[in-house]
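Undergrad: Take a look at this one; I'll ask things after.
The values are calculated or read from the model by the stated rules, or taken from the named source; none is laboratory data. Being a predicted model, the structure only gives us computed values, none of them experimental. Cβ placement follows ideal geometry from the backbone for every residue including glycine, while neighbour counts extend to all protein chains displayed. Accessible surface is based on the protein model in full, side chains and every heavy atom, while ligands, DNA and RNA are left aside. Shrake-Rupley method; radii C 1.70, N 1.55, O 1.52, S 1.80 Å.
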Amino acid sequence: MRLHRIRLRDFRGVHDREITLAEHGVTVLQGDNEVGKTSTLAALDLLFDAADSSRRAEIRHAQPAGVDAGPEVEAEVSTGPYRFVYRKRWLRRPSTELSVLEPARQQFTGAEAHARVTAMLDETMDRVLWRTLRVEQHTAVGQADLGGQDALTRALDRAASGPTGATGSTARPDPSVDDGLVARAADELRRYRTPSGRATGELRAAEVRRADAEAEHERCRAALEAVERDVAARDRLDAELAGVRARRRAHGDEVAELEDRWAALQSRLREVDAARGRAVLARERAEAARERREARDALVAAAEADAAAAETAAAAVAAHEAEHAAAHDERDARRGADTAARADAVAARRAADAAARAVTAARDRAELADLTERLRRVAEAQAGLDAAERVLADTTVDEDALAELEHLARDLLRAEAARDAAAARVELTAPAPLTVVVDGEEVPLGPGETRTLPVAGARALSVPGVLDVRVRPGLDEAGRDDAVRERARELADACEERGVADLEAARAALRAADDAARRVEEHRAALARELVGHDHAAALRAAHDAVRRRLDDAPAGQDDLAALHTAADEALAAAEEAANRAEEADAACRTAEDAVRKADTRAAVLAERAADARHAHTRRVEELRAARAEEPDAALATAEHERLTRAREAEREHEALAAALAGDDPDTVEARVVNARAVAERLAGEVARLEREHAETTGRLQAAGHQGWHDQLAAAEAELDAAVREHEAVTRRSSAARRLHESLTRHRDRVRRSYVAPFRAQVERLARIVFGPTLSLEIDEDLRITHRTLDGTTVAFGALSSGAQEQLGLCARLACAALVDPADGVPVVIDDALGHTDPERLARLGAVFTAATAAAGAAQVVVLTCTPERYHGIGAATVVPLAPSRRPRERGASDRAAPVHVADDVPAATPGTVLDLPRAPRAG
Amino acid sequence: MRFVHTADWQLGMTRRYLGARPAREAGGPTGEAQARFAEARLDAVRALGRIADEADAAFVLVCGDVFESNLVGPEVVARACEALGSFRTPVLLLPGNHDPADASCLLRRPDFVRRRPPHVTVLDTPGVHAVAPGVEVVAAPWRSKHPLSDLVGEQLAALDPAPPGTLRVVAGHGELDVLDPDDDEPARIRRDGVLAALADGRVHYVALGDRHSAWADAADDRIRHAGTPEVTDFDEVDPGHVLVVDLDEHAARVRTETVGRWRFVRHYAALDTDADLDALDAWLAARADKERTAVRLVLRGTLSLRQRTRLDELLGGHGHAFASLEILEPHSDLATVPDDADLDALDLHGFAADAAAELFAAAGRASEGAGDVEARDALRLLHRLVGS
Ligand SMILES: [Mn+2]
C-alpha cells in the first residue's frame, strides 16, 4: 500500500490540511507539537476502520469544539492493482465516498464504499504488518512482533527458497491458511490439555467420569459380593445350628445323672477332710515334743564337746612348750657355728694371698736374671761393634782404589813382558851344580839345567870367584827397560798414595775392611735381638732396675715356680671352701631364727585358744544347768512318747475313712461333672453365637433385598463401560491433537528457522551502518533480535541501552520494509522516535533510512517529528514542514501563543492548508 | 388340558450397549433404550398373559429365571407384580439359577410376597404340587446357585407312575446333557432319565427353562425349552416365543406364539470400497423397527482416511436411530490406511504439507503392524481442521 495524499478537515485542531507524500523513500513531516502530526495518523486509521455512523470516543474527540461540522478525512491510496480516493465524514451529516481510479473507474457511497475498501485492503495488504511497522509517539521503539507477519513471511519464504529452493514451498496460493491451521491445531489441543500438559476440559471430565465409574462399580461389586457371602453364610449357619442344638439336647441328660452322683460323694468327702485335719494336728504336736527333747540332747552333747575342746587346747599349749625351747637352743647353736665358720674363711683367704705373693716374687727373680744376661750381651756386642767400626774407619783402600792398583800392576807386567820378549837372552847351563850370581842374586843351577835370562838392561852375571860377566843391551832394549821402570814407578806412587806398601798389602787391607763390615752387621743384629721390647739399652737397664727394686721388698724363697703355683692354687681352693662353709652356716642360722619366731607366734595363738575354750565350756555348763532346773530330761522323754502315740491313732482313723471313699473314685466323678458342665456351657455359647450370626445375616439379607444391588451394579457396569469408551476416545483425540500440533509446529519452526537467515542478513546490513562492521545479531524463530554482538562482545537485546534498542528496532522495521514485496509493502510510520539516539548515531541512521529505501519498489517511510534535526541525516528524504491549520477567527488567539510560526501560516482563502510539496524526492 | 409353557423372563435385565446414565442415579433401568428394553420384557409378560387368558389355559408355567437376579430392586419387583396382575390365568413361578430359592430368594422377599397377585404361586419347594384337579406339577426348583446334582432327575426318580386320569408336568431349569455335554457340570439334566419317565408314564410333559431359544427334543417332543419371550442376547437362535401346550396322557400338541418385539442382530460386512460402504449404508437403512433393534457389526477390510471418515459419519448417523449400533471390535479387522488421494484432498502447502506428509508416512508404515494409530487420528483431525 502506498499513501499519496491525506486531507483532514475539521479534525481535532486541524481546520483543513492536505499532505502529499513522496511515493518512494522517506517523507519527513516536521512541525511543532500539537500541529497535528499524530492526528493525521489517527485520522487514517479511523478512515479505514470506523464506519461513518460510528460515534466512538476517538471520533467524538476528533470533533473540533464550537464548530458545526463533523470531522472529515480523505485519502488517496494505491494498493495492489487499485488506486482510489476515499473520504469519510462523521457525526454531522456523515457520509462515505469512494472513487476507484484504477484499474477501472468506479464510484461507491455509504456502507457499500466501506465494504469495498475493506475488501480491497484485505485482499492486497497485510494490515497487521501495517500496525506492526508503526512506531507510536512516546513509546519506546522496541522490537516489532514480526514473526507470523504474512507479507514478511512471504518475502522471507521467497528469500529462503529463492536461489536454492531448499524448502520446496514454492507455489503457495493462499499461505495464510497455514497459520490459521496451526492456531486451530493449538485450539484443538487446548480443548484437552493446558499449555503445561495437564488434562483439562473434555479429557479431564472423561478422566473424572472414569475414575468415578470405577469407584462406583467397585462399590457395587463389593456390595454384591457381600450379599453372596451372606447367602452362603446363611446356608452354613442353618446347618450348623441344627447340629449344635441336637448335640445340646443329648448332652443335657448326661449332665443330670452325673450331678446326682457328685452330690452324694460330697458329704463323705467332707468327713474325710475332718479326720485328716485331726491327724495333722496330732502329728504336729508329737513333732513339737520330739523337737524339745532333741534340743536338750544337743545341749548336753555340746557341753561335753566344749569340755573336750578346752582340754585339747591346754594339751596343745603344753606340747608346744618343748618344741619352743628346742627352737631356741637350735638357734643359739647355729649362731656359734656361724661365727667359727666366718673366722675360718678369713684365715684361709690370708693363706691364699701369701701363696700368690710367693709366686709373684719367684717370677720377678727369674726375670731379673734374664735381664742381667741380656745387659751383659748388649755390652759385649757394643764393644765388638765399636772395634769393627774403628777398623773400618782406618781402612784407606776401597774397591775402586784396588781396581786402579790392579790396573797399574797389569800395565807393569805388560811392559815387562814386552821388554822381555824383545831382549836378548842369556842361557846358562851348568854341567855340574853351580851357583851363579845374577844381578847380585844367587841362582843355583842343577846339573844339566838351563836358565834363560832376558837381557833388558845391563845385567851382571858372576860366578863368584870365577867369572864376572857383564851383559849390556843394545839401545832399543834400553828404551824398553825405561818403560818398565816408568810403570813400576807409577805403581809405587799409587801404592804410596793409598798408604799401602804394595799391591798385596792393598789387597790384604781391603779384605780386612770387608771382615770388619761383616762384624759390624753381626753385632748390630745381636743388639737388636737383645733389646727387643726396649728402645735402647737404657730402657732395658731401667726395666732391670725396676725388677730389682721390687725384689728388694719380696721375701727370699725358693724359686721352684711350679711348686709355688701348686701351693697357691691349693690355698685359693681352701679359701673358697671356707667361704662356702661360712655362708651355709649363716643360712642355717637364719632358718633357726625364723623357726624361733614361728614358735613364739604359735605359742601365743595356742594360749589364746585354750582360754576361749575354757570360757565356752563354762557358759555351756551354765546353760545346761538352767535348762535342767526348768524341766528335767526325764519329763521331756515322757511327753514325747505320749504325743507320738496319739498322733498315730489319729492318722490311722483318717486313712481308714479315706480308703473307704477312694473306693468310690470321687476324682473321676468330679472330673466328669466339671467337664459336662463346661461342655453344656460351650454348647449354649455356640448356639447363642450361631443364632446371633443367623439373625445378623438374615437382617443384612433383608436389607440388601431392598437395595437393588443388581440394578446398581448393572448401571455401574454400563456407566463404567461408557466411561472407559469415552475416556479412550477422548484420549485418542487428545493424542491426535497433540501429535498434529507437535508435527505442525515442528515443521513451521523449521521453516521459520530458514527465514531467519535472510532476515538477519538484511537487518545486519542496515545495523552495520550504525554500529560498524563487527556487528552481528542473533535472531530467533519469531524474528526477534535476541543478542547483539559488537567487537566480539555479546549482549542480550534487553540488556542493551535504550538508544541501541531503539536503533536496532528501527533497523528491523526498515529491514522489513526493504524486504517485503512491493506489492505487499506497507508504509513504515515513525512518530517522533529516536529520542535516545546521540547525534553521531543519528547521522548514521540517516544512511540506514536511505539504504533501506534505495531499492526500486521499497516501501514508503513516513517520519513524524517536531525535532527535524534528528532526521537531517536522511539523504533521500522529502521534508514536509507542517504549520498550524486554524480557522481564520481563531488565528488571533493562537498567534499570541505561537508567534514564531505565524509567517508560515497559509491564508484561509484556499480550500485547505495545502502545503507546497516537492514533486519528487530530492536525491541524496 | 391346556397350559402355557414359558421361562427366562429375566426381569430386571439391562444391557450395557443400550446406554448408561451416571451410576449414582441407579435403582432402575438406565438410559432411554434401556428403559424401553425393560418395558418390553414386561410387555412380553403381559402379552403371554393375554394369550393364556384367551386360550383359556389352566395355568402359565414359568420354568425359572423369572427375575434376572435375586437382588433386583423393589421397582423391578413392583412392575413385575403389576404385569402379573394384568391377566387372570394362574401362574406358577419356579426359581431358576438366576433367582434360586436361597437365603436371598426374591420370590420369598417381603416386597414380592406383599405385592404378589393371588393367582401367582411360587414353586420354591421341590416335589409334586397339585395345581388343578387331575393336574400335578413336579417342581425341581434351584435352591442355590450351584447345585451339585441333577435336580430334575432326582424328582423323577422319587416318583411313582401318575395315578390314572392325572396329568403330570415336570417344571425344571437347566440344560439337557445332550445340549451341553459339559462333564464337569453336575447339575446337567440326564436325558435318559427324562425319556424313561415319559415312557413309563410317571410324567407327561417336561417343561424346561434356561435355554433362551425355543427347542424340542427330537426323540420325544414333550421335552421342550420355551425360550425367552423377549430377546436377551445376540447369540440366541429363536427367542421371543411362548408355547401353548395341549396335553393328554399320550401326546402334547404345542402351538408357538410370538410375543417378543425386539431384535438383536449381528451383521458381517467386508469394507474395502465405496460400494461396500454404500451397501452397509443401505443395509442399515433397510432395518425395520430400528428403535427396537440392537446391531453389532463385524467389519473387515481396509479403508482410506476419507472412507474411514465416511464410515464414522455413516455409523454416527444411523446410530441415533437404532437402540444400539456398535462395531464388535474383538471380531473386527478394519484397517485405516491413508492413500494419496487423502493427501491431495488436504491441498496443503509449505510446512503444513511437510507435516501432513510426515504423518502420512507414519500412518502408512503403521498399517503393516500394530500401528501408529495416533498418526492416523492426527491426519483425520487435520482433515477436519482443513475442512473447517
Ligand atoms: Mn436364564
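Undergrad: Considering only residues that are within 7 Å of chain B (Cβ to nearest Cβ) and open to solvent by less than 50 Å² (accessible area, probe 1.4 Å), look in segment A:698-711 and name the one that is nearest to B:Leu382 (Cα to Cα).
TA: A:Asp711
Undergrad: Same structure again: Any idea how many residues of segment A:716-757 are among the hydrophobic types (A, V, I, L, M, F, W, C) and in contact with an Asp or Glu (Cβ under 8 Å, 6 or more places away or on another chain)?
TA: Residues meeting the conditions: 9.
Undergrad: Quick one: which of A:Arg419, A:Arg390 is touching a Pro at 6+ places or on another chain (Cβ under 9 Å) and in a helix (DSSP H, G or I)?
TA: Checking each option against the conditions leaves just A:Arg419.
Undergrad: Considering every residue within segment A:712-728, establish whether at least one is polar (S, T, N, Q), part of a helix (DSSP H, G or I) and surrounded by fewer than 20 Cβ atoms within 10 Å (Cβ to Cβ).
TA: No, segment A:712-728 has no match at all.
Undergrad: Within the set of pairs 6+ apart or on separate chains, which have a first residue in segment A:697-709 that is more than 24 Å from B:Thr14 (Cβ to Cβ), a second that is of a type in the set (Gly, Ala, Ser), and C-beta atoms under 8 Å apart?
TA: A:Thr697/A:Ala233; A:Thr697/B:Ala103; A:Thr698/B:Ala103; A:Arg700/A:Ala226
Undergrad: Suppose we filter segment B:254-268 for residues that are surrounded by 18 or more Cβ atoms within 10 Å (Cβ to Cβ) and of a type outside the set (D, E, K, R); how many remain?
TA: 5
Undergrad: Only one of A:Arg451, A:Arg487, A:Arg529, A:Arg511 is open to solvent by 70 Å² or more (accessible area, probe 1.4 Å), assigned to a helix (DSSP H, G or I) and touching a residue at least 24 places away in the same chain (Cβ under 8 Å); which?
TA: A:Arg487
Undergrad: Being under 24 Å from A:Ala403 (Cβ atoms), more than 60 Å from the chain's Cα centre (by Cα), at pLDDT 85 or above and among the small types (Gly, Ala, Ser) narrows it down to one residue among A:Ala542, A:Ala513, A:Ala526; which is it?
TA: Within the list A:Ala542, A:Ala513, A:Ala526, the selection yields A:Ala513.
Undergrad: Tell me, which strands (runs of 3 or more DSSP E) wholly within segment B:221-304 include 1 or more residues that are more than 16 Å from the ligand (Cβ to nearest atom) and closer than 15 Å to B:Ile327 by Cβ?
TA: B:263-270, B:293-303
Undergrad: In the set A:Arg377, A:Arg357, which member is in contact with a helix residue (DSSP H, G or I) (Cβ under 8 Å, 6 or more places away or on another chain), open to solvent by 50 Å² or more (accessible area, probe 1.4 Å) and not aliphatic (A, V, I, L, M)?
TA: Step by step, each of A:Arg377, A:Arg357 is checked, and only A:Arg377 is in contact with a helix residue (DSSP H, G or I) (Cβ under 8 Å, 6 or more places away or on another chain), open to solvent by 50 Å² or more (accessible area, probe 1.4 Å) and not aliphatic (A, V, I, L, M).
Undergrad: While we're on this one: Can you name every residue in segment B:72-100 that is within 16 Å of the ligand (Cβ to nearest atom) and open to solvent by 10 Å² or more (accessible area, probe 1.4 Å)?
TA: B:Val76, B:Asn97, B:His98
Undergrad: Please go through segment A:712-753 and give me each residue that is among the small types (Gly, Ala, Ser) and more than 7 Å from chain B (Cβ to nearest Cβ), ordered by number.
TA: A:Ala723, A:Ala729, A:Ser734
Undergrad: Would a scan of segment B:129-139 turn up a residue that is at pLDDT 90 or above and over 20 Å from B:Phe3 (Cα atoms)?
TA: Within segment B:129-139, not a single residue is at pLDDT 90 or above and over 20 Å from B:Phe3 (Cα atoms).
To keep it simple, each residue is scored yes or no on (1) within 14 Å of chain A (Cβ to nearest Cβ); (2) farther than 23 Å from B:Arg168 by Cα; (3) free of Cβ contacts under 8 Å to residues at least 12 places away in the same chain; (4) under 22 Å from the mean Cα position of the chain (by Cα).
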{"residue": "B:Asp53", "(1), (2), (3), (4)": "no, no, no, no"}
{"residue": "B:Ala58", "(1), (2), (3), (4)": "no, no, no, no"}
{"residue": "B:Ser69", "(1), (2), (3), (4)": "yes, yes, no, yes"}
{"residue": "B:Val76", "(1), (2), (3), (4)": "yes, yes, no, yes"}
{"residue": "B:Arg79", "(1), (2), (3), (4)": "yes, yes, no, yes"}
{"residue": "B:Leu84", "(1), (2), (3), (4)": "no, yes, no, yes"}
{"residue": "B:Phe87", "(1), (2), (3), (4)": "no, yes, no, no"}
{"residue": "B:Pro90", "(1), (2), (3), (4)": "no, no, no, no"}
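Undergrad: Within segment B:311-334, how many residues are open to solvent by 40 Å² or more (accessible area, probe 1.4 Å), touching a strand residue (DSSP E or B) at 6+ places or on another chain (Cβ under 7 Å) and in a helix (DSSP H, G or I)?
TA: Residues flagged as open to solvent by 40 Å² or more (accessible area, probe 1.4 Å), touching a strand residue (DSSP E or B) at 6+ places or on another chain (Cβ under 7 Å) and in a helix (DSSP H, G or I) within segment B:311-334 amount to 1.
Undergrad: Just checking, how many residues over segment B:49-71 are within 16 Å of the ligand (Cβ to nearest atom) and outside any loop (DSSP other than H, G, I, E, B)?
TA: Number satisfying all stated conditions: 3.
Undergrad: Shifting gears a bit: Checking B:His129 against (1) away from the ligand (no atom under 16 Å from the Cβ); (2) touching a helix residue (DSSP H, G or I) at 6+ places or on another chain (Cβ under 6 Å); (3) not in a helix (DSSP H, G or I), which test does it fail?
TA: Looking at each condition in turn, B:His129 falls short on (2).
Undergrad: Within segment B:157-187, track down each residue that is within 16 Å of the ligand (Cβ to nearest atom), free of Cβ contacts under 8 Å to residues at least 40 places away in the same chain and touching a helix residue (DSSP H, G or I) at 6+ places or on another chain (Cβ under 9 Å).
TA: Matches in segment B:157-187: B:Leu179 only.
Undergrad: To continue, here is another question. Taking segment A:677-696, which residues are touching a residue at least 12 places away in the same chain (Cβ under 8 Å), more than 11 Å from every other protein chain (Cβ to nearest Cβ) and open to solvent by 30 Å² or more (accessible area, probe 1.4 Å)?
TA: Result: A:Arg677, A:Val679, A:Ala680, A:Ala684, A:Glu686, A:Glu691, A:Glu693.
Undergrad: So B:Leu94 clears everything in (1) modelled with pLDDT of 95 or more; (2) within 14 Å of another protein chain (Cβ to nearest Cβ) except one condition, right? Which one?
TA: In the conditions (1) modelled with pLDDT of 95 or more; (2) within 14 Å of another protein chain (Cβ to nearest Cβ), B:Leu94 misses (2) alone.
Undergrad: For segment A:26-127, give me every one of the helices (runs of 4 or more DSSP H) that falls completely inside it and has 2 or more residues that are in contact with a strand residue (DSSP E or B) (Cβ under 9 Å, 6 or more places away or on another chain) and surrounded by fewer than 20 Cβ atoms within 10 Å (Cβ to Cβ).
TA: Where helices (runs of 4 or more DSSP H) fall fully within segment A:26-127 and carry at least 2 residues being in contact with a strand residue (DSSP E or B) (Cβ under 9 Å, 6 or more places away or on another chain) and surrounded by fewer than 20 Cβ atoms within 10 Å (Cβ to Cβ), they are A:37-49, A:110-124.
Undergrad: Looking at segment A:454-484, which of the residues that are closer than 30 Å to A:Ala506 by Cα and open to solvent by 60 Å² or more (accessible area, probe 1.4 Å) is modelled with the lowest pLDDT?
TA: Applying the filter and picking the extreme gives A:Arg480.
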